[in-house]
Amino acid sequence: MSAPKLLILYGSQTGTAQDTAERIGRQAQRRRMQVKVEALDSYNVANLISESLVIFVCSTTGQGDPPDNMKNFWRFVFRKSLPAGSLCRLDCAVLGLGDSSYPKFNFVAKKLHKRLMQLGASVLLPVGLADDQHDLGADGVIDPWLTSFWERAQALYPTPAGQSLIREDEPLPPRYVFRFLDDITENRADRLRVPELPISPSQTHTFPGRVVSSKRVTHASHFQDVRHIEFDITGSDIEFTAGDVVMMRPCNTPEDVEQFCQLLRLDPDRQFTLSPTNCDTGSVPARLAQPCTVRHLVESFLDIAAVPRRSFFELLATFATNELEREKLSEFSSAQGQDELHAYCNRPRRTALEVLNDFPHTTAELSVDYLLDLFPEIQPRSFSIASSLLAHPNRIQILLAVVHYKTKMHLPRKGLCSSWLASLDPTQGDVYVPLWVKKGSMKFPKDPYSPVIMVGPGTGVAPFRSALQERIAQGKTANVLFFGCRSQSKDFYCSSDWEEMEKAGQLTLFTAFSRDQEDKIYVQQRVQEQAELLWDLIANKNGYFYIAGNAKQMPTAVCDALKEGFQSQGGMSSAEADEMLVAMERAGRFQSETWS
């Protein structure tokens, strides 16, 4: 009797769903299953009709959207032409990862679960709705859901006779094997060479954008360092419109790279090739050139500065020979030890590199072959583009808030990407950043007469600067902007731009400087004060309303202020105001882009 097969397909935007899928894959290996873990868009979806057992792990992004690496699958599976019983041979389960503080909580997982049932699949258990707001985090849902799944799967697809489960403390085979080469040196300039073929820049074929300038736009005395950074994209054929985002992958600091190599006794200049342990279930990451230096792998690929997830400790524990370290790692890996792990790792934002320092005996036992199992790939970061090609040809501009804060850890915590970008100094010579552009979720009206109302406090104003430049270049002058920050003299971003636009009659600006007077004033209060104007623009002139910025209280407070205006100016009930906002959202006349 051959081992049962399990396919795990994931849709992941930030790497969390991928990590969960890989963790489930390791549990399946311990149950002697033949397992394959793959991104949904890498999988040939036509083969789904012949699969027997599949787990779908997916997150939800934006306003209830599927992650980038499952969009093609999403379009295919929702085709109206698919026959109702096309997946009748499939046993499956859906696990969603989400955050219940967002309105479209686990929307993708719920919708996929329903669609699979419509297509005739046998769903083994209710959809798992993991929630970051749970007292135990996402694992508070994932652990019991997996227990139920393995019980059902084991009953339907039993382990072959005579085979026992692989123990938790026994290392599984690595996904890749390293083969070190001698006497080959790397030309580092090759990494940023502009492709000679006319390839449109993408995640796999980035364009080296030259940093033209990096200017601090907050006052020197202000606590937050915010940069206005400009990139030259001449020769890239990159095109974008207002609302689009630029994607970049940061690098680890030279200091972290050096420390990592010392801890693991690796020569950073040595070259190696990678080969998958199982050619049927894995391939070498496309982004890693073959051969590759250890330095390039650690600097540009392995996310050693991230706060490690529980899966990191599970794998690390299998190498521990020191009793004290093994005990602690086992505790951090267990369901019961998640409070301890949170206090040790998440709360102080301890990095994976710092964890290796804390467990020296276990780190000394690590085999290089397991590096890609232990450390996830550095994920790309997205930034709203803050400029228009119509105003700045061959340029991309962004507003970047440099992340820097203290925890109980000795060293301050730094955002990997923001600190890396802020460290690049174009006055010291040419500096390049590999980048590409993708469509954003915001769409602005083509009708030249439709007014646009934008609420963008802080760096949330970035996409609206792009929209204003684009619209003004197209002769569209019905523009209203609500901008908020702490102080007019310290963090009033792009103030000279707004002033010019106002003088030219191309913009109506309302500002809220929260700390410039005794009583704090926020953008939602300004929205409330302008209820009459906003009602006229929205109800009588087909206006569009946009919100961008931090997802904490601001978006809800702005929506509440807007709905109060609908009631006071339009004579609506509370329920009617709610309905009007929902109708605007359906018609694309209310859009928001928020982040936590």
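The values are calculated or read from the model by the stated rules, or taken from the named source; none is laboratory data. Since this is a predicted model, take the numbers as computed values, not measurements. Every residue, glycine among them, receives a Cβ derived from its backbone with ideal geometry; neighbour counts consider all protein chains shown. Just so you know, the surface numbers come from the protein's heavy atoms only, side chains and all, with ligands and any DNA or RNA stripped out. Shrake-Rupley method; radii C 1.70, N 1.55, O 1.52, S 1.80 Å.
It is to be established whether one or more residues within segment 246-254 are in a loop (DSSP other than H, G, I, E, B), in contact with a Leu (Cβ under 9 Å, 6 or more places away or on another chain) and modelled with pLDDT under 95. There is at least one residue in segment 246-254 that is in a loop (DSSP other than H, G, I, E, B), in contact with a Leu (Cβ under 9 Å, 6 or more places away or on another chain) and modelled with pLDDT under 95. Any idea how many residues of segment 461-483 are under 20 Å from residue 512 (Cβ atoms) and in contact with a helix residue (DSSP H, G or I) (Cβ under 8 Å, 6 or more places away or on another chain)? Final tally of qualifying residues: 7.
For (1) more than 17 Å from residue 591 (Cα to Cα); (2) in contact (Cβ under 8 Å) with a residue 40 or more places away in the chain; (3) of a type outside the set (D, E, K, R), each residue gets a yes or a no:
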site: 445; (1), (2), (3): no, yes, yes
site: 465; (1), (2), (3): no, yes, no
site: 475; (1), (2), (3): yes, no, yes
site: 484; (1), (2), (3): yes, yes, yes
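Restricting to segment 154-174, count the residues that are within 31 Å of the chain's Cα centre (by Cα) and open to solvent by less than 90 Å² (accessible area, probe 1.4 Å). Residues meeting the conditions: 4. Of the numbered criteria (1) within 19 Å of residue 421 (Cα to Cα); (2) open to solvent by 40 Å² or more (accessible area, probe 1.4 Å), the one residue 205 fails is (1). Considering segment 229-245, and only residues there that are part of a strand (DSSP E or B) and open to solvent by less than 10 Å² (accessible area, probe 1.4 Å), the residue that is nearest to residue 213 (Cα to Cα) turns out to be 229. Candidates 496, 441: the one that is of a type outside the set (Val, Ile, Thr) and touching a strand residue (DSSP E or B) at 6+ places or on another chain (Cβ under 9 Å) is 441.
Table: residues versus (1) surrounded by fewer than 18 Cβ atoms within 10 Å (Cβ to Cβ); (2) not small (Gly, Ala, Ser).
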| residue | (1), (2) |
| --- | --- |
| 508 | no, yes |
| 554 | no, yes |
| 573 | yes, no |
| 585 | yes, yes |
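Would you be able to say whether some residue in segment 60-67 is touching a Leu at 6+ places or on another chain (Cβ under 9 Å), under 23 Å from residue 23 (Cα atoms) and assigned to a helix (DSSP H, G or I)? There is no residue in segment 60-67 that is touching a Leu at 6+ places or on another chain (Cβ under 9 Å), under 23 Å from residue 23 (Cα atoms) and assigned to a helix (DSSP H, G or I). A single entry from 416, 411, 390, 424 fulfils the requirement of being within 25 Å of residue 353 (Cα to Cα) and open to solvent by 40 Å² or more (accessible area, probe 1.4 Å): 411.
Among the residues of segment 578-596, write down those that are in a helix (DSSP H, G or I) and either more than 26 Å from residue 243 (Cβ to Cβ) or of a type in the set (Asp, Glu) (or both). Let's see the steps before the verdict.
Step one: list which residues in segment 578-596 are in a helix (DSSP H, G or I), which gives 578-586.
Across segment 578-596, the qualifying residues are 578, 579, 585.
Tell me yes or no: at least one residue of segment 31-41 is among the basic types (Lys, Arg), farther than 13 Å from residue 116 by Cα and assigned to a strand (DSSP E or B). Quick ask: steps written out before the conclusion?
We begin by selecting, within segment 31-41, every residue among the basic types (Lys, Arg); these are 31-32, 36.
Retained after the next criterion (residues that are farther than 13 Å from residue 116 by Cα): 31-32, 36.
Pick out the ones that are also assigned to a strand (DSSP E or B) and you get 36.
Looking through segment 31-41, at least one residue is among the basic types (Lys, Arg), farther than 13 Å from residue 116 by Cα and assigned to a strand (DSSP E or B).
In the set (1) free of Cβ contacts under 8 Å to residues at least 24 places away in the same chain; (2) touching a Phe, Trp or Tyr at 6+ places or on another chain (Cβ under 8 Å), residue 396 fails one condition alone, (1).
For segment 255-281, the candidate set comprises residues that are among the aliphatic types (A, V, I, L, M) and in a helix (DSSP H, G or I); within that set, the residue that is nearest to residue 294 (Cα to Cα) is 257. The residue list 35, 94 contains one member that is among the β-branched types (Val, Ile, Thr) and in contact (Cβ under 8 Å) with a residue 60 or more places away in the chain, which is 35.
When the criteria are applied in full, residue 294 meets the requirement of being in contact with a Lys or Arg (Cβ under 7 Å, 6 or more places away or on another chain), open to solvent by less than 10 Å² (accessible area, probe 1.4 Å) and not basic (Lys, Arg).
Here's the yes/no breakdown for (1) in a loop (DSSP other than H, G, I, E, B); (2) small (Gly, Ala, Ser):
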residue: 285; (1), (2): yes, no
residue: 290; (1), (2): yes, no
residue: 297; (1), (2): no, no
residue: 308; (1), (2): yes, no
residue: 311; (1), (2): no, yes
residue: 316; (1), (2): no, no
residue: 324; (1), (2): no, no
residue: 327; (1), (2): no, no
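If we only count helices (runs of 4 or more DSSP H) wholly inside segment 486-569, which ones have 1 or more residues that are out of contact with any Pro (no Cβ under 7 Å at 6 or more places or on another chain), hydroxyl-bearing (Ser, Thr, Tyr) and not assigned by the TED database to the domain that holds residue 220?
On the way: elements: 495-503, 523-529, 531-535.
Passing ranges, in order: 495-503.
Under the condition of being more than 21 Å from the chain's Cα centre (by Cα), basic (Lys, Arg) and under 28 Å from residue 143 (Cβ atoms), the residues counted in segment 60-105 number 0.
Across segment 251-297, the number of residues qualifying as in contact with a Gly (Cβ under 7 Å, 6 or more places away or on another chain) and closer than 22 Å to residue 420 by Cβ comes to 0.
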